[in-house]
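Peer 1: What follows is a single structure, and I will ask about it in a moment.
No value in this document is a laboratory result; all are computed from the given coordinates. Since we're looking at a predicted model, the values are computed, not measured. Here the Cβ is made from the backbone with ideal geometry for all residues, glycine too, and neighbour counts use every protein chain on show.
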Amino acid sequence: MTIPSKLRPQGATPRGKALIRIGAASKSFALPKGGRFDAVRNVTLEVNEGDIFGLMGKSGAGKSTLLRLFNLLERPDSGSITIDGQELTALGKKALRDARQNIGMIFQQFNLLQNASVFDNVAFPLRIHGSHDKAQIEERVRACLDLVELGDKADTYPAQLSGGQKQRVAIARALASKPAVLLCDEPTSALDAETTRSLLQTLKDVNQRLGVTIVIVSHELDVLGAICNRVAVIEDGAVAEEFALNDGDETPRKTALGRELLQYARAANASATSAAKEAAHV
Ligand SMILES: Nc1ncnc2c1ncn2[C@@H]1O[C@H](COP(=O)(O)OP(=O)(O)OP(=O)(O)O)[C@@H](O)[C@H]1O
C-alpha cells in the first residue's frame, strides 16, 4: 500500500523522541458499596515517536483505563499526561478539544455512526472541528478511505460492511485529523484470524509510512508480538515491567506474560523472515 505524503501527520517530531509521557498517573473508581477501586496506580511511562507500544495484562489489570487516560477519556485523579509537549490535564475545554485532534482512537466494537454513510463517518471529526470547506473535506475523506483500501465503499453504511471493513473505516476516521498518535483498544478482538492479520498490516503501514505513533491494548499475545517494538506489562493497575521486544534475548523477563510474549514475538519474526525469503525466490 502506498501512502501519499499529504496524509502524513503535521508537525511530526523526529523518530525516537519521547512523544507521550505519563507521569505518576493514578485513577480510581467509586465502588457501589462505598470505598474506591484503584484501577491505575502511579503509572509512569514514556512512548517514543514512531513506537508501536503495547499495553498487555490479564483481564481487569487496568489496560483500557490506562489507555483512556492518554486522551483524557478518563481524567486521572493525580499525575500528568503529556502528549507532543502539551500537558493535557492543564488544558481548558477548547484547548483540550484541539489537542485531541492530534490523538486518534479506535475501539473493539468500532463505534461507527450506524445511520451515517462511510463517507460521513470519516468526515464527522473534520466537521465537528469546524472544517467547512467541502472540497477539503472531500479530498481528506477520499485520501483516508484510499489509505484503508475502502475507496469504493464511501456511499455504503456500516451495517453493510464486514467487521474488518468496519474497523478500517474506524481507522480512516481516526486518521482524518492527521493525528500524531493512534490509540487502539483491543482493535482486533472482534475479528477472525485472517482479518486480524490484514488489519495489523494496515496498522504497521500507518506507523511506518505515515509516522503515526501507536499505543495498543490487547489481550492477544500473538497480536502484540506481531506488531509492537515495545510493551509494558500491567498488573493490578501498575507497570510490572516494560521492555523492547528486540532486547528480549539478553534481559531475563520478570513476568510470566513478558516471557510468553517473547515466544510469540520470535514466532512472528520467524514467519516474517520465511515469508520474505519465499517472496525473494518468486
Ligand atoms: N467506569 C468504571 N467504574 C468502575 N470500575 C471500573 C470502571 N472502568 C473500569 N473499572 C474497573 O477497573 C478495573 C480495570 O478495568 P480495565 O477495563 O481497565 O481492565 P482491562 O485490563 O482493560 O481488562 P479487560 O482486558 O478485561 O478489558 C476493572 O476491575 C474494572 O471493573
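Peer 1: Quick check for the stretch 137-282: number of Lys pairs with alpha-carbon distance under 24 Å, counting only pairs 8 or more apart or on different chains?
Peer 2: Summing the qualifying lysine pairs gives 7.
Peer 1: Taking the Cβ of G23 as the center, what net charge do the other residues with Cβ under 11 Å away carry, scoring Lys and Arg +1 and Asp and Glu -1?
Peer 2: The answer is -1.
Peer 1: Using θ = phi - 60° and the Karplus curve 6.51 cos²θ - 1.76 cosθ + 1.60, what whole-Hz ³J(HN,Hα) does each residue of the stretch 43-56 get, with Gly and Pro shown as x?
Peer 2: Each residue of the stretch 43-56 in turn: 8, 10, 8, 10, 10, 7, 4, x, 5, 10, 9, x, 10, 10 Hz.
Peer 1: More than 15 Å apart: what percent of Cα pairs in the stretch 75-128 qualify?
Peer 2: Working: 860 of 1431 pairs.
When every Cα pair of the stretch 75-128 is considered, 60 percent fall beyond 15 Å.
Peer 1: What does the charge count near L112 come to, summing +1 for each Lys or Arg and -1 for each Asp or Glu among other residues with Cβ under 13 Å from its Cβ?
Peer 2: Surrounding charge for L112 is +3.
Peer 1: What number do you get for the stretch 25-161 when its Cα radius of gyration is normalised by 2.2 N^0.38 Å, N = residues?
Peer 2: The reported ratio for this selection is 1.27.
Peer 1: Based on the Cα coordinates of the chain, what is the per residue volume of their convex hull in Å³?
Peer 2: Spelled out: Cα convex hull of the chain, divided by residues, is 153 Å³.
Peer 1: What does the charge count near K58 come to, summing +1 for each Lys or Arg and -1 for each Asp or Glu among other residues with Cβ under 12 Å from its Cβ?
Peer 2: Value of the local net charge: -2.
Peer 1: When ranked by the protection proxy of mean other Cβ atoms within 10 Å per residue, highest first, what sequence do the peptides 223-235, 89-101, 113-125 form?
Peer 2: Ranking the peptides 223-235, 89-101, 113-125 by packing returns 223-235, 113-125, 89-101.
Peer 1: Whole-Å semi-axes of the stretch 98-197's equivalent ellipsoid, largest first, each the root of 5 times a Cα gyration tensor eigenvalue?
Peer 2: Working from the Cα gyration tensor, I get semi-axes of 21, 16, 11 Å.
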